[in-house]
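One structure is given here, and the rest of the page talks about it.
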Amino acid sequence: MRLNKEVHACTKYPERILQFGEGNFLRAFVDWKIDKMNKEADFNSSVVVVQPLKQGLVDKLNEQDGLYTLYLNGIKDGQVVSEHTVIEAISRGINPYENYDEYLEVAKKPELRFILSNTTEAGIAFDEKDKLKDKPQNSFPGKLTALLYERYKAFEGDKNKGFILIPCELIEKNGEKLKEIILKYADLWNLEEGFITWIYEANTFCNSLVDRIVPGYPRDKMDEITKELGYKDQLVVEGEQFHLWVIEGPAWIKEELPTEKCGLNVIFTEDLTPYRTRKVRILNGAHTSMVPVSLLYGLKTVRETVEDETMGRFVKEAVYDEIVPTLDLPKEELDYFAEAVLDRFKNPFIKHFLMSISLNSNSKYETRVLPSVLEYKNRKGELPKKLVFSLAALIEFFKGKINGEVVELKDNPEILAMYEKLWGSYDGTEDGLKDIVKEVLSQEKIWKMDLNAVDGLTDQVTHYLTQIETLGMQKALHEVM
């Protein structure tokens, strides 16, 4: 017995949302939110899903009448929770590669109000080969421009028939970038000035920031899940309990999206920059700073790290004492987010291997951790010990051995070659370690500056690296703690 409307009766809602993308993330994040707003806040909206690529899940989605089961697993209110629900927000899916006319016809629905997307970071891109007459265009912005033009013509430029567009792709200024490319297509296709004016005056492009870990389809547990559910569902998706959506746009958008009425963690703001910074510095920064320390300490996963007495304290102090004080949002917001991050790290349903996070660790340190180091120095007049210790551990990690065993390092080939040369010529002395530190810190290609110019940094990194080399990570870590 397969999940469909015969198995699971559900309410039919007006098609007010067009969504580009049918993948796990949107279904576990945005469509879940829409489902909650329908059931708890009378949002009264369903989603028409557009498959942005030739290969996709629209056929499976239509076979199940748009229904699928979402499992949310993780820590909620301090307790380990696994709960599931059938998401009823999607009315149908369209494959524009097979049904382009049906795709364009959606533009003529007067009630359509929102356009959402997640077509991967590479999805918001301009393809100069796209033409208006293509069925369909290759790129997502090309397809969207054709649909917007169809809308403009169908309603004769009515400024009340524009959209609220909220892309969820993980690129900075995603809404602005999407608008810029649509206008580029309007110019390439020689579309009339009235359409360009309509894009500007009738449509609102929002930048957004999304945050939820979505492991996806639980293939290895499907027999067990099918037995529990009592029906077959080929679109089961798993996500963590935590979720955050920051939407940057005019204040009135909050009135059209009743997220507050159902307790969703959605922030409407005129500037999402502080929230992006908070996520990068706390969540990503904690990940990046823990990786080399924890791997050299002998642990393998994020969860093991935060649950270990010493490493857990290291991560907590790095976050609360050295990262949070460098950020400008209200302290209660920062502390709430930091606590949520540490809970997410403890999620027993997600096995997040440190080696997988170690990919491109040098550039990650530059974007995620170094700004906290520099801002801490600027505000406090001294260097943050844990974050600097992490930099020393990073240099040690790129020696390529953990407890005498060779590890496979993954980074830019030039960076790997640099470390191989430096460690290959190391003479075993403290002066030799200082030479390695000086050379690494001087790499402006990595750090965007010569870090030897930061007062005290070279000496402190050398000191910590010497301790790691001579005492081993476990004793060195106890010293810095």
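Every number in this text was worked out from the coordinates using simple rules, so none of it is lab data. It should be emphasised that the depicted structure is a prediction, and the values quoted were computed from it without experimental measurement. Using ideal geometry, Cβ is built from the backbone for each residue, glycine included, and neighbour counts are taken over all protein chains shown.
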GluC sites (Glu not before Pro) restricted to the stretch 383-465 and DSSP loop, no more than 10 other C-beta within 10 Å: 408
Euclidean distance between Cα centres, the stretch 148-166 to the stretch 330-406, Å: 46
Stretch gain in nm, segment residue 367-residue 420, where the contour uses 0.36 nm per residue and the Cα spacing is subtracted: 16.8 nm
Separation of the residue 270 and residue 329 label points, Cα + 7 Å toward Cβ, nm: 1.9
Principal semi-axes in Å for the stretch 15-269 [√(5λ), Cα gyration tensor, largest first]: 31, 20, 16
Selection of GluC sites (Glu not before Pro), the stretch 227-272, meeting DSSP coil and at most 13 other Cβ within 10 Å: 270
In nm, spacing of pseudo-spin labels at residue 126 and residue 378 (7 Å Cα→C-beta vector): 3.3
Amide N proximity, the stretch 22-63 versus residue 261 label position 7 Å along Cα-to-Cβ, cut-off under 14 Å: 34-46
Under-5 Å amide H pairs with residue 2, H placed in peptide plane, nonlocal only: 232
Point-charge dipole on Cβ atoms (K/R +1, D/E -1) for the stretch 327-481, about Cα centre, debye to 20: 380
MRE, 222 nm, helices only [DSSP H, n ≥ 4, -39500 (n - 2.57), over the chain, to nearest 500]: -12500 deg cm²/dmol
Residue-by-residue Karplus 3J(HN,Hα) for the stretch 276-290, coefficients 6.51, -1.76, 1.60, Hz, glycine and proline x: 5, 4, 4, 5, 5, 6, 7, 5, 5, x, 5, 4, 5, 6, 7
Two-decimal ratio, the stretch 1-77, of alpha-carbon radius of gyration to 2.2 N^0.38 Å: 1.15
Rh by Kirkwood over Cα pairs, then Stokes-Einstein D for the chain at 0.890 mPa s and 25 °C, µm²/s: 99
Measure of compaction for the stretch 273-480 (Cα Rg per 2.2 N^0.38 Å): 0.96
Inter-site label distance for residue 53 and residue 200 at 7 Å from Cα along Cβ, in nm: 3.6
Computed FRET value (nearest 0.05) for residue 12 with residue 313, which takes r as the C-beta separation and R₀ as 51 Å: 0.45
Kirkwood-based Rg to Rh ratio, the stretch 89-203, C-alpha trace: 0.92
Amide H contacts under 5 Å for residue 117, placed H, 5+ residues apart: 20, 166, 168
Compactness of the stretch 339-458 - radius of gyration and Dmax, Cα, Å: 15.6, 46
